[in-house]
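Below is one structure, written out as structure tokens; the observations come after it.
Coordinate-derived values only; no laboratory data. Computed from a predicted model, the values in this text were never measured in an experiment. Positions of Cβ are backbone-derived with ideal geometry, glycine not excepted, and every protein chain shown enters the neighbour counts.
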Amino acid sequence: MHPYLLHSGHLLLPTFGVLAAVGLMAALTLSLRTATLVGPGAAGLHPEKLWNAGLFTLLSAFALSRLLLIIANFHDFLAYPILLLMVPSLTAGGILLTILATAIYLRLRSLPLLDTLDAWSPCATLAWAFLALGHFAEGTDAGLPTALPWGTAIPPSATRLHPVALYAAIAAALLTAVLLRQLPRRHYPGDTFALALATSGTAQFLLTFFRQPFPDSTLLDPIQWIALGMIALAGLILLLQPRKLVPHAV
């Protein structure tokens, strides 16, 4: 495991943080390409607009999550402001507020929602690949014990475990390639986003069978419920979206 790229005295450079930053920048850069792959059917979906929308979404997630953290821990924030702001704080509430803020931004900027989500889908799976590599490097997202030769041990334990984070990174990279290939061939707005939801949800659901069980879970653990929700949302998009064909360049 390599949790730090640099560890010199009090200077720590976490591997996860570096890979997360690289992954997010790679996703934003890829959006410049996916904006053009969406095709002529998405009026107003220009690369610069998609870049700005993606940057707004990332900054909103960061700012809104920390705002909720400050509100919930205001006295601790007054005592240790820097320490509290460094705590990872992406929560369900922060995600919901980010989705709302992004929807309003897209509306104000006249960006077509489903076309934008289609263009963002490969970018999201690319970012997922880098985040999963970060978890693998720091030794989190531990799996079940295995006798397979690629099992990894997390010190101080010598037990070999499924490298679930590495499985996730490989799955995310493959999904990115599939979505990039499908994007210019989509027939209707929302097709690529629905495909991304269905395949990512399926991958996450299957990966839970290699992870250590979630504490106090009953029938399904939280990740499995979220995965099933993603698959159900993909089905709703395909069922409810008006079937407006996307024109393709000849």
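The GNM of the chain, with springs linking C-alpha atoms under 10 angstrom apart, assigns the highest mean-square fluctuation among 61, 101, 158 to 158.
For residue 4, nonlocal amide neighbours, meaning residues 5 or more places apart or on other chains whose placed amide H falls under 5 Å from its own, are 15.
Decide, for the stretch 24-157, between rounded, prolate and oblate: order the square roots of the alpha carbon gyration tensor eigenvalues as a ≥ b ≥ c, take rounded if a/c falls under 1.5, and otherwise choose prolate if a/b is larger than b/c, else oblate. Oblate. Free of any trypsin sites (Lys or Arg not before Pro) that DSSP assigns to a loop and that have at most 15 other C-beta atoms within 10 Å, the longest stretch within the chain is 110-242.
Kindly provide the helix-only [θ] at 222 nm of the chain, computed as the sum of -39,500 (n - 2.57) over DSSP H runs of four or more divided by all residues, to the nearest 500 deg cm²/dmol? Before the final figure, lay out each step's value.
Values: 9 runs with 158 residues, N = 250.
Value at 222 nm, helices only: -21500 deg cm²/dmol.
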